[in-house]
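> Dumping the structure here so I can ask a few things about it.
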Amino acid sequence: VTAVHLTEEAARVITDELRTADNSRETGGILLGHHVHDAMIVRHAGTPGPDAVQTPTYFLRDLAHAQTLAAQAYAQDHSVWIGEWHTHPTSRPIPSTRDATTYRQLLNDPELAFHSFIAVILGPRAPHWDMTAWTCHNNTIAQVAVHGPPQHR
């Protein structure tokens, strides 16, 4: 994977969440879409859900909320879980040690059967957010290009 492409719909969900969230705590959600050639196409982005855990340095999605979104996206266009997005309100948009551990656990879980996993991380840079994308594969994490609608980059 050399690039992550966000559709207008996915970018809008992330932008709306950033606009309404408590920016002193991490927020995020799942990413659903398809692996196409050397890119991940993100068709749908999730919100944290009502039972998400959100602290200044930690985010854990609401699993039931994520599963509902995943089922709806699969029924709509066969999108599958390809990654997650979250904010780092107090640090740079790079994977933390905790993030890296989580990604490795997901990749090594035989039930999930991930070949690769993407992470989109956003960090504050007034008045906007910096967005970075990362691919996780074979226990390595590397930054990749992220593309989206021009107004959402």
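The values are calculated or read from the model by the stated rules, or taken from the named source; none is laboratory data. It should be emphasised that the depicted structure is a prediction, and the values quoted were computed from it without experimental measurement. Methodologically, a virtual Cβ is constructed for each residue, glycine included, from the backbone with ideal geometry; neighbour enumeration extends over all protein chains shown. These accessible areas exclude ligands, DNA and RNA; they are computed on the full protein's heavy atoms, side chains included. Shrake-Rupley method; radii C 1.70, N 1.55, O 1.52, S 1.80 Å.
> Provide Rg over Rh for the range 1-80; use the alpha carbon set for both Rg and the Kirkwood Rh (inverse mean inverse pair distance).
0.99
> Could you sort 80-92, 111-123 so that the peptide with the highest average Cβ count within 10 Å comes first and the rest follow in order?
Descending mean neighbour count gives 80-92, 111-123.
> Suppose a student asked you for the relative contact order of the range 63-129, using Cα pairs under 8 Å spaced at least 6 residues apart; what percent would you report?
38 percent
> Which of these values of P(r) over Cα pairs in 10 Å bins from 0, in percent was calculated from the structure shown: (1) 11, 45, 38, 5, 0; (2) 10, 35, 36, 16, 2; (3) 10, 39, 38, 13, 1?
So the structure-derived entry is (1).
> Find the accessible area per residue for the chain; the probe is 1.4 Å, ligands and nucleic acids are left out, and the unit is Å².
Heavy-atom SASA per residue in the chain reads 53 Å².
> So, in nm, how far is label residue 18 from label residue 90 when the simple model puts each one 7 Å beyond its Cα toward the Cβ?
Taking the simple label geometry, residue 18 and residue 90 are separated by 2.1 nm.
> A further question on this structure: Which whole-Hz couplings ³J(HN,Hα) result when phi for each residue of the range 125-136 is put into the Karplus expression 6.51 cos²θ - 1.76 cosθ + 1.60, θ = phi - 60°, listed in order with x for Gly and Pro?
8, 3, x, 10, 10, 7, 10, 10, 10, 9, 10, 10
> What's the carbon and sulfur percent of the range 16-94's accessible surface, probe 1.4 angstrom, rounded to a whole number?
56 percent
> Okay, next question. Helix-only estimate, please: 222 nm mean residue ellipticity of the chain, summing -39500 (n - 2.57) across DSSP H runs of length 4 or more and dividing by its residues, to the nearest 500. Numbers along the way, then the final one.
On the way: 3 runs with 40 residues, N = 153.
Computed ellipticity for the chain at 222 nm equals -8500 deg cm²/dmol.
> I'd like the distance between the alpha-carbon centres of the range 101-118 and the range 13-29, rounded to an integer number of Å.
Computed from Cα coordinates, the inter-centre distance equals 25 Å.
> Taking every DSSP beta bridge that has both residues in the chain, what percent is antiparallel when rounded to the nearest 5?
70 percent
> Before anything else, pin down the relative contact order of the range 50-90: Cα pairs under 8 Å, at least 6 apart, normalised by residue count, whole percent.
In percent, rounded to a whole number, it is 36.
> What do you reckon, how do 41, 14 stack up by accessible area (1.4 Å probe), largest on top?
Ranking 41, 14 by accessible area, largest first, yields 41, 14.
> Let me ask another. Consider a paramagnetic label point 7 Å from the Cα of residue 35 along Cα→Cβ; state which residues of the range 1-23 have an amide N under 15 Å from it.
1-5
> If you place +1 on the Cβ of every Lys and Arg and -1 on the Cβ of every Asp and Glu, how big does the dipole about the Cα centre of the chain come out, in debye to the nearest 20?
The calculated dipole for the chain is roughly 380 debye.
> Which whole-number percent gives the relative contact order of the range 38-153, counting Cα pairs below 8 Å spaced six or more residues apart?
18 percent
> May I ask you to work out the translational diffusion coefficient for the range 1-41 at 25 °C, viscosity 0.890 mPa s, via Stokes-Einstein with Rh from the Kirkwood sum over Cα pairs, reported in whole µm²/s?
212 µm²/s
> Right, next: Would you rank 74, 103, 58 by solvent-accessible area, highest first, keeping every protein chain in place and using a 1.4 Å probe?
From most exposed to least exposed: 74, 58, 103.
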